[in-house]
Amino acid sequence: MTERLEQFRNVVGGKRVESAGGQWIDSHDPYAGSAWAQVPRCTPDDVEAAVTAARNAFESPEWRDITPSARGKLLWKVADLIERDAERLARLEVRDNGKLFAEMHGQLRYIPEWYRYFGGLADKIEGSVIPTDKAQIFNYTLREPLGVVAAITPWNSPLLLLTWKLAAALAAGNTVVIKPSEHASVSTLAFAELFEEAGFPPGVVNTVTGFGAEIGDALVTHPKVAKVAFTGGDATGASVAAKAGEHIKHVSLELGGKSANIVFDDAPIDDAVRGAIAGIFAASGQTCIAGSRLLVQRSIQDEFVEKLVAFARSAKLGNPMDEDTNVGPVTTRQQLDTVLKYIDIGRSEGATCALGGGRPEGTELGDGWFVEPTIFTGVDNDMRIAQEEIFGPVLSVIPFDDEADALKKANQIAYGLAAGVWTQSMPRAIRMAARLEAGTVWVNTYRAVSYTSPFGGYKRSGLGRESGQKAIEEYLQTKSVWISCADGFSNPFVLR
Ligand code: NAD
């Protein structure tokens with residue numbers, strides 16, 4: 001007899017609901033390679049219900065008239081609840097997307113800080129009094145929420161990436177409909193329940209689960225959705241933005257990347273090796289900021305690659321729940337095929353596979369969707385494995401001659417999410433940071449993010465910024481108010 005899968009429900013208007021059609025989607029455990037839970041397979045009718053609940057909540061006195069300080073306190077309260085449930089939520093994420101417990105638990109313990117930070121900003125949203133050139137007219141601005149925000153998220157770090165949107169959107173006074181990835185929705189559904197417990201009015205935070213192709217359009221084009229905040233692949237992002245544009249909606253996009261991690265010959269080599277590993281094998285390469293193009297100065301290439309391969313070879317693949325596992329499986333069966341396809345492409349393009357290059361063997365890996373940490377050397381910057389986002393543990397090592405060559409190669413790409421620079425020369429670090437076409441530049445470190453610091457992409461990696469004080473602007477609009485202090489209203493046929 002087959003085991004009954006655990007079912008998780010959406011939160012809509014404060015109620016736990018199944019889909020209108022009564023259908024479910026299986027959610028898979030990538031380590032076991034089999035289904036472990038189910039989430040509702042929503043339809044456009046479910047989207048209608050969730051957006052209506054969000055709009056009703058937006059117009060309700062419980063939310064509309066709450067003071068900004070009280071709104072901030074709700075965010076602090078939810079931060080405490082997330083902290084309380086961090087371990088449980090992290091376990092759900094690991095089961096659902098296969099990333100390491102150490103990584104997910106670290107994220108869950110850090111996530112509350114976004115709610116505290118943006119909770120603190122809630123009562124610092126200020127308009128201004130504008131000194132106009134009009135006599136006897138008083139002009140000031142109000143900074144107001146947009147309305148219903150659709151937050152569309154990917155599978156790789158579901159709660160962290162959702163939080164970057166949600167904390168700012170709620171602090172600004174919006175209501176939200178969350179659409180998590182069909183590949184890893186479970187933690188989002190458990191997470192959404194905490195908002196009601198924290199005291200948010202019903203309908204302020206809602207969820208719809210399902211396939212992008214089935215419910216994406218209904219959500220993005222819904223007349224009551226004011227803004228789409230999207231994180232995902234650039235092709236999906238482009239089509240979401242086009243639809244949002246047709247319907248004149250605000251949109252922000254956090255998209256993919258193919259980031260250059262650049263090692264100069266004066267770099268602290270052992271640190272740079274660990275930085276290169278962090279860039280591509282942490283999270284099995286499934287991060288938008290993966291340093292998947294390793295640019296190494298030709299003079300140290302052989303020594304560096306030797307150390308890098310030795311370090312990567314020692315990485316332990318295994319159960320993502322185990323503390324001593326370094327590399328877990330990739331999240332979906334489809335992603336496993338994509339990564340293996342790119343490894344074939346790398347070989348056929350003439351790159352040398354210096355490590356890995358296939359599915360690992362080992363009884364402890366069972367039926368898990370594992371890919372060996374893979375390093376290609378002799379990669380030309382115009383090869384597909386150097387230009388296209390693979391989103392898996394596959395590194396392309398590209399040699400460069402000098403600073404100008406490094407910059408040229410680093411910037412010769414459609415993406416611009418992040419870059420790393422390893423050097424002991426501060427003038428060089430500052431020059432590189434100024435000229436790299438990327439929204440984030442790390443020097444002698446990699447994968448550092450904070451609620452205080454803006455994050456977002458240049459070029460095809462996105463529009464808008466998340467985190468940091470300015471991020472709240474993405475969820476506000478400005479109203480200009482004119483009050484006449486004059487006696488009477490003269491000539492109606494001229495511009496005042
Ligand atoms: P994806 O683009 O396939 O899906 C992202 C989300 O969009 C999912 O919820 C999906 O259901 C939804 N979607 C799909 N079609 C849609 C449509 N027509 N309308 C509306 N929504 C639709 O991305 P993914 O495979 O889940 O995630 C991996 C990608 O996300 C990678 O490219 C990665 O680089 C990117 N990413 C970017 C960041 C960032 O902050 N820049 C962070 C993490 C991941």
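The values are calculated or read from the model by the stated rules, or taken from the named source; none is laboratory data. Source: prediction; values computed, not measured. Cβ: placed from backbone, ideal geometry, glycine included. Neighbour counts: every protein chain shown.
So for the stretch 413-431 (the condition being without any contact (Cβ under 8 Å) to a residue 24 or more places away in the chain, closer than 26 Å to residue 236 by Cβ and more than 14 Å from the ligand (Cβ to nearest atom)), does at least one residue qualify?
no
Considering only residues that are part of a loop (DSSP other than H, G, I, E, B) and over 25 Å from residue 20 (Cα atoms), which ones fall in the stretch 211-248?
Scanning the stretch 211-248 gives 232, 233, 247, 248.
Which condition breaks for residue 233 when tested against (1) under 20 Å from the mean Cα position of the chain (by Cα); (2) more than 10 Å from the ligand (Cβ to nearest atom); (3) of a type outside the set (S, T, N, Q)?
(2)
Pull up the stretch 433-469, narrow it to residues that are of a type in the set (Val, Ile, Thr) and surrounded by fewer than 15 Cβ atoms within 10 Å (Cβ to Cβ), then point me to the one that is nearest to residue 121 (Cα to Cα).
452
Out of contact with any Cys (no Cβ under 8 Å at 6 or more places or on another chain), of a type in the set (Val, Ile, Thr) and either assigned by TED's automatic domain parsing to the domain that holds residue 304 or away from the ligand (no atom under 15 Å from the Cβ) (or both): which single residue out of 263, 228, 240, 220 fits that description?
263
Since residue 237 meets every condition but one in (1) modelled with pLDDT of 95 or more; (2) out of contact with any Asp or Glu (no Cβ under 9 Å at 6 or more places or on another chain), which condition does it not meet?
(2)
Might you let me know whether the stretch 85-94 holds any residue that is among the small types (Gly, Ala, Ser) and farther than 16 Å from residue 161 by Cα?
No, because not a single residue in the stretch 85-94 is among the small types (Gly, Ala, Ser) and farther than 16 Å from residue 161 by Cα.
Can you name every residue in the stretch 178-210 that is within 30 Å of residue 330 (Cβ to Cβ), assigned to a helix (DSSP H, G or I) and more than 11 Å from the ligand (Cβ to nearest atom)?
186, 187, 189, 190, 191, 192, 193, 194
Is it true that residue 252 is under 21 Å from the mean Cα position of the chain (by Cα) and surrounded by fewer than 20 Cβ atoms within 10 Å (Cβ to Cβ)?
It is false that residue 252 is under 21 Å from the mean Cα position of the chain (by Cα) and surrounded by fewer than 20 Cβ atoms within 10 Å (Cβ to Cβ).
Looking at the stretch 390-432, which of its residues are assigned to a helix (DSSP H, G or I) and either surrounded by fewer than 17 Cβ atoms within 10 Å (Cβ to Cβ) or basic (Lys, Arg) (or both)?
Passing the criteria: 404, 405, 408, 409, 411, 426, 427, 428, 430, 431.
Hey, among 299, 252, 292, 284, which residue is within 16 Å of the ligand (Cβ to nearest atom) and either over 30 Å from residue 319 (Cα atoms) or assigned by TED's automatic domain parsing to the domain that holds residue 21 (or both)?
252
Could we say that residue 158 is surrounded by 17 or more Cβ atoms within 10 Å (Cβ to Cβ), under 21 Å from the mean Cα position of the chain (by Cα) and without any contact (Cβ under 8 Å) to a residue 40 or more places away in the chain here?
In short, no.
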